[in-house]
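Just so it is clear, none of the values below were taken in a lab; they were calculated from the coordinates. Values in this document were obtained by computation on a predicted structure and should not be read as measured data. With ideal geometry, Cβ positions are generated from the backbone for all residues, glycine too; neighbour counts draw on all protein chains shown.
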Amino acid sequence: MAEWALACHTFDLKVEDVAYENLAKTANRWPSEQAFLPFFDPSERYPEYEQFPRVFSIDFVERIEGGRTYVVQRLQDVNIGDRLTDNSNEPDDYRFHDVFHLAYVAYLGWSPVLRGLLKLKRKSQPKIDENEDGARATIIEEGIATWIFNHAKRRDHYENVAQGKLDYGLLKQIKSMVEGYEVEACPLWQWEMAILRGFEVFRMLKSNRGGRVTVNMNDHTLTYEELPHPT
């Protein structure tokens, strides 16, 4: 304690300010009570057609055609987006990576990528549409997902990482990448939950070569089930 006070004095810092900042950092990562932030697309501000469905399911269907393996995604039996491959010389099942965007919706209420894919951009608010749902935000999200995937790939896709144990440096870097965007408000524990649960479901998709993933924004859950029949 004396050394801490001496360090504060040396750098002209107030002990109470340093203590407050440390408490705030601890609460951001390990809160005594977890309280999720309100949705970024509340019904009182946006029409229904600009809101994420609070509960929805996406089917991940793996197919082989002409020697190429790819994944198609289906929402209510309708294909959405492009066919996804690993885009890599070494197969690594990145074709299932959109599950991470689903996890961001479930636990953060955020995904410019899925807003674009599902035609849910908030065009009634031009600045929000341009800045929060636009190309730059989409690129940032894809960059985060790819960067985390490469980090996780060397760590068994986080199979043995418990909540509260994910690399703190990783979370801090993500926080800096989203600075200035609405999702910056989300604390580190929400990001960690989204990442770890996203990879848990990713491992299920990988193991079963596809499946159905359900987002529940109200309960903040991401669940997996095998497809009921060939699609």
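Pairs with C-alpha atoms separated by more than 30 Å, drawn from the list Lys172/Lys206; Lys127/Lys165; Lys121/Lys153, are Lys127/Lys165; Lys121/Lys153.
Compute the Rg/Rh shape ratio of the stretch 49-139: radius of gyration over Kirkwood radius, all on alpha-carbon atoms. Don't jump to the answer; show the numbers that get you there.
Details: Rg = 14.5 Å, Rh = 14.4 Å.
Rounded to two decimals, Rg/Rh equals 1.01.
Contact order for the chain, expressed relative to its length and based on alpha carbon pairs under 8 Å spaced 6+ residues apart, stands at 25 percent. Quarter the surface of the alpha carbon convex hull of the stretch 118-231 and you get the mean projected area, 8.7 square nanometres.
Calculate the dipole size of the chain relative to its Cα centre from +1 charges on Lys and Arg beta carbons and -1 charges on Asp and Glu beta carbons; express the result in debye to the nearest 20. Numbers along the way, then the final one.
Numbers: 28 positive and 37 negative charges, 90 e Å.
It comes to approximately 440 debye.
Percent of C-alpha pairs per 10 Å bin in the chain, short distances first: 7, 30, 33, 19, 7, 4, 1.
Would you mind putting 67-73, 33-39 in packing order, based on average other-beta-carbon counts within 10 Å, highest first? List each step's numbers first, then the result.
Details: 67-73: 15.3, 33-39: 10.9.
Result, highest mean Cβ count within 10 Å first: 67-73, 33-39.
Using only Cα atoms, tell me the angle between helix 168-177 and the longest principal axis of the chain; keep it within 0 to 90° and round to the nearest 10. That helix lies at roughly 80 degrees to the long axis.
What do you get for GluC sites (Glu not before Pro) in the stretch 171-200 restricted to DSSP loop and a cutoff of at most 11 other Cβ within 10 Å of the site's Cβ? Spell out each step's value before the answer.
Numbers: sites: Glu179, Glu182, Glu184, Glu192, Glu200; in loops: Glu179.
The qualifying sites are Glu179.
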